[in-house]
Amino acid sequence: MNSKRSEQPNLKRVRELKLPSGVLSAALAEDGKRIAAACLDGVYLTDLDSGDSEKLYSHDSYVSSVEWISDQSIVSAGYDGRITWFDISLSQEVRRAKAHQFWSWDLAISSDRSRLATVTGQYLAGGYRYEPAAETEASIRVYDVASGEVLHDLPHVPSVQAVAISPNGQYVAAGNLMGEVRVYDLLSGELKSQWTTSDFTSWGIIKSHSYLGGVFSIRFTPDGESILLAGMGPMRDPMAGNGKQLWQKWSFLSDEPKLLDQTHDGESGEGLMEALAVDPNLPFFVMGGRLRGGDWNMALFDLEIGKRLSILKTGYRITDARFFNRGEKLLLAGATGQGKPKKEGGFHPFGRIEIYETFGSDDS
């Protein structure tokens, strides 16, 4: 491991890009020079050197996720429940699939780009206790990337808001509104592990009688033996958005899943955490999201002992975070507000992408 990996991270911003509309997901091409951005009004291709952005295509609603398949192909999912395969070199759609009747909340792709998983679900009260109603369609759907064939329809409890595939492609994990996590074997579709942590869920007793919150981001650790969850701690008034900035780390391979660590006392403020990032070359992870109260909305944490190492207050909502260049750089994506109207019509750009060096080196 590079000796720099044992140093204290010192984030240095080296690039800021503005996009026409809010960014919900951003994926970097293997060449490290292009970003595919899933935005409220479509999918954009952004050149990191020039900063220029080109709108490639749209969904019928917000685009929630995007991933690269190859150096010229991407796949996206949206709130229209659709998955779209797109060839950039040909500037044309290759394939589309109606994955869900409701929204696709999140999409994950395996490291070898052979499998993808998308999750869905609408929270509807299923009884007098307002517990979620049973699913009316499979909450987790797994596809073969090359053919577009559905490989597995896997059950969960709606709404399922976060999904991840393990680094070795063996497992797919998904987390829902109620803090329930299910882990399936990606090849066989067999349920391998299941547990519930209520720390991410809030019951509204002031302004709304309903459950809100849940697991908003999920990632496997680089060794594939543990799972990180992110969201927000419970509140009496969920509409206030002032729950604890919360992450948890769980082991899942034993008979009884075990909570290994979580946000340490004194190291959090208030706000919904929507993004996690890990990298096999780094001994730490990133969590980011919306700031409600406190001095950060993005922080680096030690992956082994959970200690907070570095913080940022970006001034915008973070919706996605990705390490690249073997962990030497970090991509943050999101949106600042809802966009301010221009006098001549339209809106000022409110999508944001930032690039940071994780150790503050001089070469950019």
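Tabulated values for the structure
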item: Pair list, Cβ < 8 Å and 6+ apart or interchain, from the range 252-271 residues that are more than 21 Å from Ala174 (Cβ to Cβ) to residues that are part of a loop (DSSP other than H, G, I, E, B) and acidic (Asp, Glu); result: Gly269/Asp295
item: Matching entry among Gly169, Gly204 (being in contact (Cβ under 8 Å) with a residue 40 or more places away in the chain and in contact with a strand residue (DSSP E or B) (Cβ under 8 Å, 6 or more places away or on another chain)); result: Gly169
item: Residue satisfying condition, being under 17 Å from the mean Cα position of the chain (by Cα) and modelled with pLDDT of 95 or more, within set Asn176, Asn168; result: Asn176
item: Strands (runs of 3 or more DSSP E) enclosed by the range 181-274 - at least 1 residues per element that are charged (D, E, K, R) and more than 19 Å from the chain's Cα centre (by Cα); result: 191-196, 258-262
item: Filter result for the condition that a residue is closer than 22 Å to Ser159 by Cα and surrounded by fewer than 16 Cβ atoms within 10 Å (Cβ to Cβ), over Arg236, Arg182, Arg219; result: Arg236
item: Residues (of a type in the set (Asp, Glu) and buried (at least 16 other Cβ atoms within 10 Å of the Cβ)) located in the range 273-301; result: Glu274, Asp279
item: Condition broken by Leu151, with the remaining ones in (1) of a type in the set (A, V, I, L, M); (2) in contact with a Gly (Cβ under 8 Å, 6 or more places away or on another chain); (3) buried (at least 22 other Cβ atoms within 10 Å of the Cβ) satisfied; result: (3)
item: Residue match in the range 196-210 (condition: within 29 Å of Val66 (Cβ to Cβ) and among the small types (Gly, Ala, Ser)); result: no
item: Wholly enclosed strands (runs of 3 or more DSSP E) of the range 70-146 bearing at least 1 residues more than 20 Å from Leu28 (Cα to Cα), within 19 Å of the chain's Cα centre (by Cα) and free of Cβ contacts under 8 Å to residues at least 40 places away in the same chain; result: 82-87
item: When residues of the range 278-316 are limited to those that are in contact with a Leu (Cβ under 7 Å, 6 or more places away or on another chain) and small (Gly, Ala, Ser), the one farthest from Glu354 (Cα to Cα); result: Ser310
item: The lone exception for Tyr44 - which of (1) surrounded by 17 or more Cβ atoms within 10 Å (Cβ to Cβ); (2) farther than 22 Å from Ile109 by Cα; (3) among the hydroxyl-bearing types (Ser, Thr, Tyr) it fails; result: (2)
item: Breaking point among (1) assigned to a loop (DSSP other than H, G, I, E, B); (2) surrounded by fewer than 18 Cβ atoms within 10 Å (Cβ to Cβ); (3) more than 19 Å from the chain's Cα centre (by Cα); (4) of a type outside the set (Asp, Glu), for Pro9; result: (2)
item: Subset of the range 20-37 [of a type outside the set (Ser, Thr, Tyr), closer than 17 Å to Thr336 by Cβ and assigned to a strand (DSSP E or B)]; result: Val23, Leu24, Ala26, Ala37
item: Gly32 being within 26 Å of Ser310 (Cα to Cα), at pLDDT below 95 and within 20 Å of the chain's Cα centre (by Cα); result: yes
item: Residue satisfying condition, being of a type in the set (Asp, Glu), at pLDDT below 95 and either surrounded by fewer than 23 Cβ atoms within 10 Å (Cβ to Cβ) or under 18 Å from Ser65 (Cβ atoms) (or both), within set Glu137, Glu131; result: Glu131
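The values are calculated or read from the model by the stated rules, or taken from the named source; none is laboratory data. What you see is a predicted model, and the numbers here were worked out from it, not measured in a lab. Ideal geometry is used to build each Cβ from the backbone, glycine not excepted, and the neighbour counts take in all protein chains shown.
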